[in-house]
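This report concerns only the one structure given below.
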Amino acid sequence: MLPTGLSANSQAGTHFRLFKLGLDRRAPPRVKIAIGGRFMLEDRSEHGGTAVDASIKAIAIRSDATVRLGERVVGYFDTIGRVEGNVEHLTDDGFTLELATTLRKRDKLASQLIWLANRDMLNLPEDRRHDRVVPRDPRVEVKNLSDISRPAVAGHIIDISPGGAGVSVSGAFGKGDEIMLGTTPARVVRAFEGGIAVEFRAPIPDAMFSPDIRL
């Protein structure tokens, strides 16, 4: 059993069982999540998906991509980062990936999952300026306006806030690049392995901001 600590909300009188990492660094339980990302199959085709359940041993991914049992999959998901492994189970709406990780990666992933579990139980905000959602249709076309000779490329929205978004996309993008995300102008504020973080030139109106948003 994972060691647990007990904390209380003094105002509501509600008790929470918080996850923490013991000295033996045992695995945390599976954590329910909703984190967008992108993954590549053995035929090198790229697909979007949402990580919905994870532990240090496996991750459940919701996607309409067709995968095979045992197939090798490499992906990137916001907060979790790069994942790699083999398809262990097929589900009605996706698949479960058995993760191939190093000890260092397992420790890092364990800490991330524990933080996610505790944040959700205590309703803690993320360290970001706006609430963020995972769009139901994350597909988006990305055009680098800093070099108009480059063709637009297909991207996948990891998550989005009224002020910006995380986008999984391939290609040469750098901090400060002006881009068009669908029909929405934005600027790259951070480039990372497998994608970019962008800030919109104008915030999305509250009336338009929901998981059904299309940029």
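Please go through segment 133-176 and pick out each residue that is out of contact with any strand residue (DSSP E or B) (no Cβ under 7 Å at 6 or more places or on another chain) and under 11 Å from ALA197 (Cβ atoms).
Step one: list which residues in segment 133-176 are out of contact with any strand residue (DSSP E or B) (no Cβ under 7 Å at 6 or more places or on another chain), which gives 136-137, 147-149, 151, 161-162, 172.
The one that is out of contact with any strand residue (DSSP E or B) (no Cβ under 7 Å at 6 or more places or on another chain) and under 11 Å from ALA197 (Cβ atoms): SER161.
Of all residues in segment 84-107, how many are assigned to a loop (DSSP other than H, G, I, E, B) and modelled with pLDDT under 85? Don't jump to the end; show me each part of the working.
If we filter segment 84-107 for residues that are assigned to a loop (DSSP other than H, G, I, E, B), which is where we start, we get 92-93, 100-102.
Still in the running and modelled with pLDDT under 85: 101-102.
Number of matching residues: 2.
Go through segment 192-201 and give me each residue that's at pLDDT below 85 and of a type in the set (A, V, I, L, M, F, W, C). Break it down stepwise before answering.
Keep residues of segment 192-201 that are at pLDDT below 85, which gives 192-195.
If the condition is that a residue be at pLDDT below 85 and of a type in the set (A, V, I, L, M, F, W, C), then PHE192 is the only one that fits.
Can you pull out every residue in segment 28-83 that is of a type in the set (S, T, N, Q), over 25 Å from LEU103 (Cβ atoms) and either in a loop (DSSP other than H, G, I, E, B) or touching a helix residue (DSSP H, G or I) at 6+ places or on another chain (Cβ under 8 Å) (or both)?
Within segment 28-83, SER45, SER63, THR66 meet the criteria.
Go through segment 139-156 and give me each residue that's out of contact with any Asp or Glu (no Cβ under 9 Å at 6 or more places or on another chain) and either modelled with pLDDT under 85 or among the β-branched types (Val, Ile, Thr) (or both).
Looking only at segment 139-156, we keep the residues that are out of contact with any Asp or Glu (no Cβ under 9 Å at 6 or more places or on another chain), and these are 139-143, 148-151.
Listed by number, the residues that qualify are VAL140, VAL142, ILE148, SER149, ARG150.
Which condition does ARG129 not pass, out of (1) at pLDDT 80 or above; (2) outside the structural domain of ASP43 (by TED's automatic domain parsing), if it passes all the others?
All conditions pass for ARG129, except number (1).
Can you find, within segment 63-98, the residue that is surrounded by the fewest Cβ atoms within 10 Å (Cβ to Cβ) among those that are closer than 22 Å to ILE196 by Cβ and of a type in the set (Phe, Trp, Tyr)?
Applying the filter and picking the extreme gives TYR76.
Which condition number does GLY174 fail, the rest of (1) surrounded by fewer than 18 Cβ atoms within 10 Å (Cβ to Cβ); (2) closer than 24 Å to ALA51 by Cα; (3) at pLDDT below 90 being met?
Here GLY174 meets the rest and fails (2).
The values are calculated or read from the model by the stated rules, or taken from the named source; none is laboratory data. As the structure is a prediction and not an experimental result, all values here were calculated from the model. Here Cβ is always computed from backbone atoms with ideal geometry, including for glycine, and neighbour counts include all displayed protein chains.
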